[in-house]
Amino acid sequence: MKNKTTENKGCCQQEIPVCDDIEKSKFHGGKIIMNKRTAGVMFCLIAGGLFAIRYIVAALFMSGVSSWNAMNFAAGLEYQGNGLLIFSIISLVVGIVYLVRAEIEDKRK
């Protein structure tokens, strides 16, 4: 890596190193590219978070109930609907697809 030095025009005259060479594989036109493995893992983490939030929301619905049992908790899950469950399943499938594609492309190289 080549370094150039420039002078700072501030109150103290210091030399600041400036890098000329930047890895072309990680930095393209000012944008950092995320690979498929990282995207797949992130989608899987989002799926896990959405799945956990579903149960946390059901527990919050049940916070005002005087007695807890499985039927009341199932009613709390049913009350909130299936939106979080559907989004978590979609996110999990997308994450797995990204991970599988990354493995396939890695084996082709």
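Going through segment 50-109 one residue at a time, which ones are not polar (S, T, N, Q) and not in a helix (DSSP H, G or I)?
Step one: of segment 50-109, the residues not polar (S, T, N, Q) are 50-62, 64-65, 68, 70-71, 73-79, 81, 83-87, 89-90, 92-109.
Within segment 50-109, Val65, Trp68, Gly81, Lys109 meet the criteria.
If the Cβ limit is 6 Å and pairs must be 6+ apart or interchain, which residue in segment 62-74 that is under 19 Å from Leu85 (Cα atoms) and without any contact (Cβ under 8 Å) to a residue 24 or more places away in the chain pairs with which residue that is in a helix (DSSP H, G or I) and of a type in the set (Gly, Ala, Ser)?
Met62/Gly76
Please verify whether segment 61-81 includes one or more residues that are among the aliphatic types (A, V, I, L, M) and either modelled with pLDDT of 90 or more or within 30 Å of Asp106 (Cβ to Cβ) (or both). Lay out the reasoning, then the answer.
Pass one, segment 61-81, residues among the aliphatic types (A, V, I, L, M): 62, 65, 70-71, 74-75, 77.
If we keep only those that are either modelled with pLDDT of 90 or more or within 30 Å of Asp106 (Cβ to Cβ) (or both) too, we end up with none.
There is no residue in segment 61-81 that is among the aliphatic types (A, V, I, L, M) and either modelled with pLDDT of 90 or more or within 30 Å of Asp106 (Cβ to Cβ) (or both).
So which residues in segment 53-92 are of a type in the set (Val, Ile, Thr) and surrounded by 13 or more Cβ atoms within 10 Å (Cβ to Cβ), if there are any at all?
Step one: filter segment 53-92 for residues of a type in the set (Val, Ile, Thr), giving 53, 56-57, 65, 86, 89-90.
Matches in segment 53-92: Ile53, Val57, Ile89, Ile90.
Out of everything in segment 29-79 that is polar (S, T, N, Q) and touching a helix residue (DSSP H, G or I) at 6+ places or on another chain (Cβ under 8 Å), what residue ends up being nearest to Tyr98 (Cα to Cα)? Walk me through how you get there before you give the answer.
Narrowing segment 29-79 to residues polar (S, T, N, Q): 35, 38, 63, 66-67, 69, 72.
Applying the additional criterion that residues be touching a helix residue (DSSP H, G or I) at 6+ places or on another chain (Cβ under 8 Å) yields 35, 72.
Details: Asn35: 9, Asn72: 38 Å.
Out of the qualifying residues, it is Asn35.
The values are calculated or read from the model by the stated rules, or taken from the named source; none is laboratory data. Just so we're clear, the structure is a prediction, and the values are computed from it rather than from any experiment. Cβ coordinates were reconstructed from backbone atoms using ideal geometry, including for glycine residues, and neighbour counts include every protein chain displayed.
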